[in-house]
Structure formats: structure tokens, C-alpha cells
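A.B. asks: So that we are looking at the same thing, I have put the structure below in C-alpha cells.
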Amino acid sequence: MRASCVISVGQLKHLTELVGARESDPVYGRALVAAASLRKVSWAVQVPASVVITAERAASELLLSTLLEEHPLPAWSVLALWLAEVKWLRGSYLYQLAMEIRGAADASWQELQPLLAAAQQQGLARPDVFTQQSLRWAFSMLLTRLIRLPGLGDTEALVPWADLLNHSCGATTFLNWDAAAEAVVLAADRQYRPGEQVFVSYGQKTSGQLLLSYGFLPAAGSNPHDACLLELTLPESDPALAWKQEALRSHGLAPLQVFPLRMGALPQGLLEFAALASATPTSLAEAQQLATQLFGSSKTGFAGGGTTSLGGSHELHAAALLEVVRRCQAALKGYPSSLESNKAELTRLQQQWPISKAYSPQSGAGGLSPGGMLQQQVLQLVVHEQQVLSRTTFLLQQQLSQLRRR
């Protein structure tokens with residue numbers, strides 16, 4: 001590793017004045033803990049600018065830096081190229097998201113080809129350094145460790161040491177750039193005692209998104225942002241597709257939306273979007289008039305409108321409810337196993353390998369394997385999604401029956 005990328009002894013002392021690393025937390029593994037008492041709002045972490053790796057810095061340090069002007073790359077790819085070069089840190093709907101992530105990595109690999117070909121021709125890189133395997137590893141590191149810094153214009157950067165911070169669903173603070181300190185800092189959102197683990201928020205993400213991006217699943221019921229993601233789109237076979245797309249565009253909406261379903265609660269805009277999707281306008285003007293009724297005067301998304309925009313028309317409201325019921329039922333059919341089957345398998349795994357035993361450092365070879373742990377977590381997630389979809393279907397069918405009796 002190049003000297004400029006190494007954390008010096010002085011920097012390490014500065015980093016550890018407030019927090020220290022713990023390698024063997026029984027639940028979280030590696031973590032940062034308070035080295036002394038921390039007051040709320042005080043800085044829990046301060047990482048100096050000299051350690052932060054932005055795309056600009058990575059580009060300046062790459063062996064291939066002279067080629068980047070001729071072959072420009074997005075920040076994400078520059079950072080991945082830097083990681084692959086130094087080999088640093090070596091070591092549903094969600095399925096669709098996973099495939100999209102893999103597709104993005106493969107697309108980045110393709111966009112790197114002109115630069116890598118030029119590098120090999122000029123003798124700047126060995127073929128065994130920038131392989132597709134090493135770049136995939138680099139992108140996986142970016143997915144789990146890249147930090148967006150709002151205070152630095154949303155710059156994306158790798159922040160050594162700070163990336164040991166674990167997520168807590170109850171945390172309200174996040175890493176950000178402090179211009180006065182010229183450092184990435186974390187302000188404590190509560191008091192910490194010496195030896196107590198310091199937490200950060202990775203953002204308002206569903207449990208599935210946390211599992212997919214970071215490899216862990218919060219305890220059941222602990223994530224206030226948990227939801228089952230339901231995708232709604234306008235079918236290509238819709239004769240009024242072009243009119244509906246234009247009507248949505250005039251309100252700042254795309255023809256494909258992903259809605260976070262929660263147990264017993266519908267997200268904003270779901271019924272309105274479903275009403276437009278199921279409607280049969282006979283002209284662009286009619287589609288635009290309906291969109292205005294559903295979404296109000298907003299030009300930037302789901303604002304205005306609301307359930308009152310459906311309440312005035314039983315027919316429109318019923319069509320929206322029926323459309324969401326159909327989409328939920330279709331989503332349930334998309335799972336390879338039923339809710340009952342998945343619940344039974346999850347119960348069997350939990351009885352055979354209780355999570356408490358799996359997390360115990362003393363469990364040794366008899367503990368739950370990482371693969372078995374992942375299987376439990378994925379099943380727990382899928383069961384929750386199926387329960388949300390089933391409950392939503394039941395509640396909307398009840399509403400539909402009541403509406404039809406009026």
C-alpha cells in the first residue's frame with residue numbers, strides 16, 4: 001500500500017482518542033467503542049481529511065492516472081479501480097435489486113475496458129491486477145463501505161476507521177464532513193460510557209436493504225423503517241400507456257414506482273397510482289385530468305390528492321383497491337414457497353440453531369455456520385414480506401367489500 005494511504009501512528013492516536021476498535025463483539029463482530037465518556041452532540045469520531053479517500057484523490061494516486069483524462073470514469077469506477085489496485089481490505093424484490101447491483105458492477109467492468117486496454121499497451125498495468133474478479137471484490141467493498149458526505153457536496157468517499165461503525169435502527173446521527181475541522185466527523189446522538197459501542201445510522205433503510213447491502217438483518221420489530229417493497233408499473237400492453245406516461249411525467253412521476261408496504265398501513269400515493277394504472281382514459285386530456293384529480297397540483301411527486309381524491313368516486317376507489325389486491329396476490333405467487341412452508345422451515349432452523357447460540361463466541365465449531373445464519377435471516381425476511389402482503393390483501397379486500405355494499 002502506498003505510504004500516502006497508510007494511517008500514521010499520529011493519526012491512529014488521534015482517531016483512537018474518542019473511540020477504540022473491538023474485534024470480538026459477540027453480536028456485531030468488529031465495532032467501535034467509546035474510549036471515554038461521550039456527551040450527546042460531542043464528536044464521537046473524527047477522521048482527518050488526510051485519511052479520507054475521495055475519487056479525486058484516488059485518481060491522483062492511481063498508476064493509471066495519466067489515462068483518466070483520455071478515458072474519464074465516474075467516481076464509483078475510479079474508487080473501485082483504486083481498491084483493485086491496492087487490494088485494500090481483501091479478505092423478493094431484493095433479488096431484483098441484487099441483480100441490478102451485479103449488473104451495475106458488470107457495466108462498470110465494461111466501461112473500464114478502454115482504459116485497461118490502453119494501460120496494458122503502455123505497460124502501466126499487469127493483466128493479473130485488474131481482473132473482473134478483483135473489480136467485483138472492489139465493488140463489493142464500495143457497496144458496504146462507501147460513505148456519502150452531504151457537507152462536501154454529496155461527495156462519495158472511503159473513510160478508514162469510521163467504516164468500523166455499526167448501524168443501529170435507533171441511531172439518528174450519521175457521518176458527515178466538517179469544514180472547520182477539515183475532517184469527517186460523527187456527533188454522538190446520546191451519552192456513551194467507556195467501553196460502550198458507538199453506533200451510527202446507515203440511513204432509513206428497510207431490513208431487506210440492510211441485509212442486501214451490508215449483510216446483516218436487524219432484530220425482528222426493531223427497525224421502524226422496515227417494509228415490504230411492492231413494485232407497480234404501467235403494463236406495456238395498456239392501450240392508454242403513452243397518455244398515462246405523459247400524465248405521470250407532468251406530475252414528476254415515473255411509470256414505475258416502488259412502494260414500502262407496512263403491516264396495516266398503506267404508503268402515500270399507492271392507491272392513487274393504482275387508480276391511474278387501472279383506469280381506461282380515452283384521450284390524453286382525460287388521462288391528465290385524472291392525474292390532477294389523483295395527485296393534486298404537485299409537479300414533483302406524490303403530494304396533494306390523497307384518499308380524498310378517491311373518496312369522491314366509489315368506482316375509482318374500488319378499481320384502485322382491486323388493482324393493489326391483484327398486485328399483492330401476484331407478488332405472493334412469485335415466491336417459490338408458501339408462507340406456511342417458509343414459516344415451518346424458519347421454525348425448524350431456529351429450534352435447531354437458536355440465534356443466541358449462533359452468536360455465542362463459545363459455540364465454536366458447533367455454532368451456526370455463516371451460510372446457515374444467512375439462510376435464517378433470508379427466511380425471516382421473506383416470511384415478514386409474505387405476512388405483510390397477505391395482511392394487506394386481506395385488509396383491502398375487506399375495504400372493497402364494504403365499498404361495494406354502499
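The values are calculated or read from the model by the stated rules, or taken from the named source; none is laboratory data. No experiment lies behind these values; they were computed from the predicted model shown. As a convention, Cβ positions derive from the backbone with ideal geometry for all residues, glycine included, and neighbour counts pool all protein chains shown. We work out accessible area using only protein heavy atoms, side chains counted, and drop any ligands, DNA or RNA first. Shrake-Rupley method; radii C 1.70, N 1.55, O 1.52, S 1.80 Å.
A.B. asks: If I filter the range 150-188 down to residues being part of a strand (DSSP E or B) and touching a Lys or Arg at 6+ places or on another chain (Cβ under 7 Å), which single residue comes out as most open to solvent (accessible area, probe 1.4 Å)?
C.D. replies: Here the answer is E156.
A.B. asks: Would you be able to tell me the number of residues in the range 96-149 that are part of a helix (DSSP H, G or I), of a type in the set (K, R) and within 16 Å of the chain's Cα centre (by Cα)? So that I can check it myself, show each step before the final result.
C.D. replies: We begin by selecting, within the range 96-149, every residue part of a helix (DSSP H, G or I); these are 96-121, 132-145.
This time we only want the ones that are of a type in the set (K, R), so: 102, 136, 145.
Within this subset, residues satisfying the condition of being within 16 Å of the chain's Cα centre (by Cα) are 102, 145.
Number of matching residues: 2.
A.B. asks: (1) at pLDDT 90 or above; (2) open to solvent by 50 Å² or more (accessible area, probe 1.4 Å): which one isn't true of C228, the others all being true?
C.D. replies: Of (1) at pLDDT 90 or above; (2) open to solvent by 50 Å² or more (accessible area, probe 1.4 Å), only one is false for C228: (2).
A.B. asks: Among the residues of the range 361-405, which ones are open to solvent by less than 20 Å² (accessible area, probe 1.4 Å), at pLDDT 90 or above and not hydroxyl-bearing (S, T, Y)?
C.D. replies: V383, E385, Q386, V388, L389, L396, L400
A.B. asks: Sticking with this structure for a sec: S134 - would you say it is touching a Ser or Thr at 6+ places or on another chain (Cβ under 6 Å) and polar (S, T, N, Q)?
C.D. replies: For S134, the condition - touching a Ser or Thr at 6+ places or on another chain (Cβ under 6 Å) and polar (S, T, N, Q) - is not met.
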